[in-house]
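All of the numbers you see were taken from the coordinates with simple rules; none came from a lab. None of the values given here were measured: they were computed from a predicted structure. For neighbour counting, all protein chains shown are included, and Cβ atoms are generated from backbone atoms with ideal geometry for every residue, glycine included.
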């Protein structure tokens, strides 16, 4: 990499300009470091943190991430109770099985078990349903067929979410390059060498376009469900497509977790996009908590700084794909993205974070 002689300013905020809810994250199997997470939150102005996989364990390792056994009870005992108003969780319900085993043998039994668990978890405080990318990509039924996201056998699950009034946050597909050959001309070549499990070039995996088409079809079929589509609806490389998705589906909102590098390399288009859809975007990071990581997100959203790097997918710095520029969003847009939209979109969240957002002393 040639030496860069550009002289440019650094206006990285120490704290966010307004209170922040990190509405897309995980605790990364870090029960013993919850106090550390809270310390980071206090440093940078993050008032609340969502563990989307509150009933399972998720950790980095083995060429990507690994899913492990967990429970909603453990989340409540280790996070919610010791740190009131600071943590809330989504449940994966039964959508967190080993991907090398059938997700179900009997679809009706699976749906019954899923909706029963979902009702129980929501009654105990879960604020939504999280669908991992394995559904539609890896999970198979007893016949060995991939279970598509829009499989009609799963329709009662989405209907249950509508009845309960909880949102569904679903990850479907990944960066464009993850579905392309792992060669040096792939802009994600270094990422795919670091995390080989993220390569989906093998023909056994569905193609990106098919995954998105099935997801969008599901969204249209269930207009009474609020769908939260992370990572800029998993197509930040094509903001025109995401704009069309939002225009056509008022039940869809998005986050930009782990994709600020994508926004920052197209700062003019991204700024216009976020201002236009300021009521449909909420803040999330999807990275292990660190002050440096959060401050980079704030730098991108709040400043016009140029030619800086963003954290890698795992929240570390040092390896990057390209440089980015800040978006300098207006205050009213920042407030909505930082916390107002999440509170509006997630029933019960205002009670979860009320004291943190509006301290009694004020």
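The shape of the range 287-328 comes out oblate: with a ≥ b ≥ c from the C-alpha gyration tensor, a/c is at least 1.5 while a/b does not beat b/c.
Between residue 243 and residue 66, the modelled labels are 4.4 nm apart [label points 7 Å from Cα along Cα→Cβ].
Summarising the strand pairing of the range 20-357, around 30 percent of its internal DSSP beta bridges are antiparallel. Each of the peptides 46-52, 310-316 was scored by the mean count of other Cβ atoms within 10 Å over its residues; in descending order, highest first, they stand as 46-52, 310-316. Here each label is just a point 7 Å from Cα along the line to Cβ, and for residue 100 and residue 6 those points are 4.5 nm apart.
Overall size of the chain from C-alpha positions, given as principal axis extents largest first: 62, 56, 41 Å. Expected output is a single nm value to one decimal: the length gained when fully extending between residue 143 and residue 266, i.e. 0.36 nm times separation in residues minus the C-alpha distance. What is it? Taking residue 143 through residue 266 to full extension adds about 39.9 nm, to one decimal.
Per-residue ellipticity at 222 nm for the chain, helices alone: DSSP H runs ≥ 4 residues times -39500 (n - 2.57), over residue total, nearest 500 deg cm²/dmol?
On the way: 14 runs with 122 residues, N = 362.
Result for the chain, helices only: -9500 deg cm²/dmol.
Using a Gaussian network model of the chain in which every pair of alpha carbons under 10 angstrom is joined by a spring, one finds that among 282, 139, 307 the greatest mean-square fluctuation is at 307. For the pair residue 335 and residue 124, label points projected 7 Å from Cα toward Cβ lie 3.8 nm apart. Extension gain, residue 351 to residue 317, is 8.7 nm, computed as 0.36 nm per intervening residue step minus the present C-alpha separation.
If the chain linking residue 306 and residue 251 were pulled fully straight, counting 0.36 nm for each residue of separation and taking away their Cα-Cα distance, it would gain 16.3 nm.
Given the Cα atoms of the range 1-101, and with Rh set as the inverse mean 1/r over their pairs in the Kirkwood sense, what is Rg to Rh to two decimals? Can you show the working numbers first?
Values: Rg = 17.4 Å, Rh = 15.6 Å.
Here the Rg-to-Rh quotient is 1.11.
Taking the DSSP beta bridges with both ends in the range 125-258, the antiparallel portion is around 10 percent.
I need the shape label for the range 232-362. Rule: rounded when a/c is under 1.5, else prolate if a/b > b/c, else oblate, with a, b, c from the alpha carbon gyration tensor. Because a/c hits 1.5 or more and a/b fails to exceed b/c, the range 232-362 counts as oblate.
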